[in-house]
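The values are calculated or read from the model by the stated rules, or taken from the named source; none is laboratory data. Note that the coordinates shown come from a computational prediction; the quantities given were computed from them, not determined experimentally. Positions of Cβ are generated from backbone atoms using ideal geometry, with glycine treated the same way; all protein chains shown enter the neighbour counts. Remember, those area values only see protein heavy atoms, side chains included, never the ligands or the DNA or RNA. Shrake-Rupley method; radii C 1.70, N 1.55, O 1.52, S 1.80 Å.
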Amino acid sequence: MTYIAKPKLHHPGLKPNKLGFTHRDYEGSISTLCAGCGHDSISAALIQAAYELDLEPYRVAKMSGIGCSSKTPDYFLGNAHGFNSVHGRMPSVLTGANLANRDLIYLGVSGDGDSASIGLGQFAHCVRRGVNMVYICENNGVYGLTKGQFSATADKGSRSKTAVNSDNPIDLVSLALVLGATFVARSFSGDKKQLVPLLKAAIAHQGSAVLDVISPCVQFNNNPQSTKSYDFVREHNEAVNRLDFIEGRSPITADYEPGTVQVVQQHDGSFLKLSKLHADYDPTDRAGAMAYLQARHAAGEVVTGLLYLEEQADDLHAGLNTTATPLNKLTERELCPGSAKLAALNDEYR
């Protein structure tokens, strides 16, 4: 994983939170993602949420898989725990860590390729078991790290440089609702006003909190018919050496009121129609949320906001009736209760 360490400088005017930490203390390394990548906006929102919640960084564990999205945990909460697992396997690694130490706050960061293809089974079982975590899918519809192939969340009819997607998309939000997630939300990386509160609520939630964040990819949207496109120039250029260049783009932002629709133009000129939930929307109605999602999807809209919340939710530990003490803190005495209790247990099966 590539990274550039940030200078350890603190501006004396930075305002500390209740723990005495400044916003700078929640940052990580300098991002090496493309300039204008939506993923960096999500990292910034996570930093803001952790700062405002007065989180102690040593209480946070960041887990990820493979892909552009899975690089981002290095760019926030540099003093937290972190583990970069293999492709699509973040949920099982996080589940194991959570079972061993339930005291930590778990942030699972994944992408649409990582979660909706190779890791779809892992996503499903993690959510249905109610692992206490925030599952963040940084969703751009392409495999950015391997040159922009369609991912399983790409809409049918989407166009890339070389192909038109003919497959139906997997909607992780609808899937999370079917699987029993107790906190389900969707946001847009450019809407910090909406994303930060959603992240704070997801972190505070007890149970599986799934947050799908639409995050445009700036690298794979240039027009292949243009004589100024990367492909055309490379094909017609006799290069003296092999270079690569990624054009800097400005982050796409959106700020709009509940109950309204915002049309956002992406870097390739295409449009994304965002629909923010009405203020009177009932987020406790799971069936209603599923029907609403389908209806708005049929209208060509991407619904954002808190879609479903089960306030009295249980997590995996409640289902397994594990001890309140984290398993990694149990002593030998508690793990080996003695021959008398073992004999009593054996008698139950005779």
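Kindly evaluate L104 against the criterion of being at pLDDT 95 or above and surrounded by fewer than 22 Cβ atoms within 10 Å (Cβ to Cβ).
It is true that L104 is at pLDDT 95 or above and surrounded by fewer than 22 Cβ atoms within 10 Å (Cβ to Cβ).
Only one of (1) open to solvent by 20 Å² or more (accessible area, probe 1.4 Å); (2) without any contact (Cβ under 8 Å) to a residue 24 or more places away in the chain; (3) within 16 Å of the chain's Cα centre (by Cα) is not met by K71, so which one is it?
(2)
Any idea which of A124, A163, A152 is at pLDDT 95 or above and of a type outside the set (V, I, T)?
Being at pLDDT 95 or above and of a type outside the set (V, I, T) holds for just one of A124, A163, A152, which is A124.
Quick one: count up the residues across the stretch 327-340 that are over 30 Å from G130 (Cβ atoms) and open to solvent by less than 90 Å² (accessible area, probe 1.4 Å).
Count: 2.
Which of the residues belonging to the stretch 14-30 are over 30 Å from G148 (Cβ atoms) and open to solvent by 60 Å² or more (accessible area, probe 1.4 Å)?
Correct list: L14, K15, P16, K18, L19, F21.
What residue, among those in the stretch 144-173 that are of a type in the set (D, E, K, R) and in a loop (DSSP other than H, G, I, E, B), is most open to solvent (accessible area, probe 1.4 Å)?
Per the stated criteria, the residue is K147.
Inspect the stretch 47-55 for any residue being touching a Pro at 6+ places or on another chain (Cβ under 6 Å) and within 23 Å of N101 (Cβ to Cβ) and give the result as yes or no.
no
Can you tell which of A185, A176, A181 is part of a loop (DSSP other than H, G, I, E, B), at pLDDT 90 or above, of a type outside the set (K, R) and within 29 Å of P258 (Cα to Cα)?
Of A185, A176, A181, the one residue that is part of a loop (DSSP other than H, G, I, E, B), at pLDDT 90 or above, of a type outside the set (K, R) and within 29 Å of P258 (Cα to Cα) is A181.
Scan the stretch 181-189 and give yes if some residue there is closer than 20 Å to L33 by Cα and surrounded by 19 or more Cβ atoms within 10 Å (Cβ to Cβ), otherwise no.
Within the stretch 181-189, one or more residues are closer than 20 Å to L33 by Cα and surrounded by 19 or more Cβ atoms within 10 Å (Cβ to Cβ).
Only one of L46, L33, L55 is open to solvent by less than 50 Å² (accessible area, probe 1.4 Å), more than 15 Å from the chain's Cα centre (by Cα) and under 28 Å from S151 (Cα atoms); which?
Step by step, each of L46, L33, L55 is checked, and only L33 is open to solvent by less than 50 Å² (accessible area, probe 1.4 Å), more than 15 Å from the chain's Cα centre (by Cα) and under 28 Å from S151 (Cα atoms).
Against the condition at pLDDT 90 or above, surrounded by 10 or more Cβ atoms within 10 Å (Cβ to Cβ) and not β-branched (V, I, T), how does G319 come out, does it pass?
Considered against the rule, which asks whether it is at pLDDT 90 or above, surrounded by 10 or more Cβ atoms within 10 Å (Cβ to Cβ) and not β-branched (V, I, T), G319 comes out as yes.
Sort out for me the helices (runs of 4 or more DSSP H) sitting completely within the stretch 20-123 that have 3 or more residues that are more than 28 Å from Q219 (Cα to Cα).
38-52, 90-100
Mind telling me which of the residues A343, A298, A291, A324 ends up being open to solvent by 70 Å² or more (accessible area, probe 1.4 Å), among the small types (G, A, S), modelled with pLDDT of 90 or more and out of contact with any Gly (no Cβ under 9 Å at 6 or more places or on another chain)?
Checking each option against the conditions leaves just A324.
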